[in-house]
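Here's the structure, in structure tokens; my notes come after.
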Amino acid sequence: MTKRRNPKPVPSPSVEPASRVCRPPPEPDDIPYGDALAEAVADRLAVKPEVGEVPGVVNNHRDYCGMGLDYAPVGTRDFDGLTGALGEPSAVSQYRYGHVHDGNIDKAKIGFPERSAFVAWLARQSDRSLFGLDEDEWSRGNQRLTRERLEEFVARPPYRR
């Protein structure tokens with residue numbers, strides 16, 4: 001039996017120089033998201049997702065998933081990503097911004113029972129304001145909300161009905 005030889009050489013994988021891999025993310029801009037994007041995000045968050053669909057603007061993988069937005073109807077329980085415990089059911093519906101663990105908002109950092117207050121808050125935010133500049137180095141820029149993520153969320157096809 002003869003061995004087959006690969007007629008074309010297989011290129012070796014390129015390795016990024018450490019200076020490119022380890023550099024910090026670019027400086028985020030401070031242009032406010034504005035009313036139009038904030039209204040569109042609020043509208044999209046308020047649509048109830050089907051079973052198995054990711055609700056809100058959240059990364060959905062194991063462990064820490066950055067920061068996210070969702071809409072929590074009455075009775076939603078906060079999820080503790082570290083212990084897996086569920087909190088008491090909420091008494092009000094609210095738009096929430098907070099840390100995400102395992103694809104779920106983990107103890108909302110900010111909650112907005114009124115849509116108008118949420119829209120006003122989000123319209124004033126920017127990539128810079130949500131970058132986490134006031135947090136530790138590991139959290140800064142780590143899976144944060146950005147204009148790009150919000151625009152992708154709004155542009156996604158609607159949930160199936």
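The values are calculated or read from the model by the stated rules, or taken from the named source; none is laboratory data. Computed from a predicted structure; not experimentally measured. Please note: Cβ atoms are built from the backbone with ideal geometry, for glycine as well, and neighbour counts cover all protein chains shown.
Would you mention how many residues in region 28-42 are in a helix (DSSP H, G or I) and either closer than 10 Å to residue 129 by Cβ or β-branched (Val, Ile, Thr) (or both)?
1
Inspect all residues belonging to region 83-98 and state whether any of them is among the basic types (Lys, Arg), within 19 Å of the chain's Cα centre (by Cα) and modelled with pLDDT under 90. Scanning region 83-98, I find no residue that is among the basic types (Lys, Arg), within 19 Å of the chain's Cα centre (by Cα) and modelled with pLDDT under 90, so the answer is no.
Where the second residue is of a type outside the set (Phe, Trp, Tyr) and surrounded by 14 or more Cβ atoms within 10 Å (Cβ to Cβ) and the first is under 19 Å from residue 147 (Cα atoms) and lies in region 111-124, which pairs have Cβ atoms under 6 Å and are six or more apart or on separate chains? Between residues of region 111-124 that are under 19 Å from residue 147 (Cα atoms) and residues that are of a type outside the set (Phe, Trp, Tyr) and surrounded by 14 or more Cβ atoms within 10 Å (Cβ to Cβ), the close pairs are 118/42; 119/38; 119/39; 119/42; 122/38; 123/34; 123/38; 124/32.
Out of curiosity, is residue 149 of a type outside the set (Val, Ile, Thr) and assigned to a loop (DSSP other than H, G, I, E, B)? Here the answer is no, as residue 149 does not meet what is asked.
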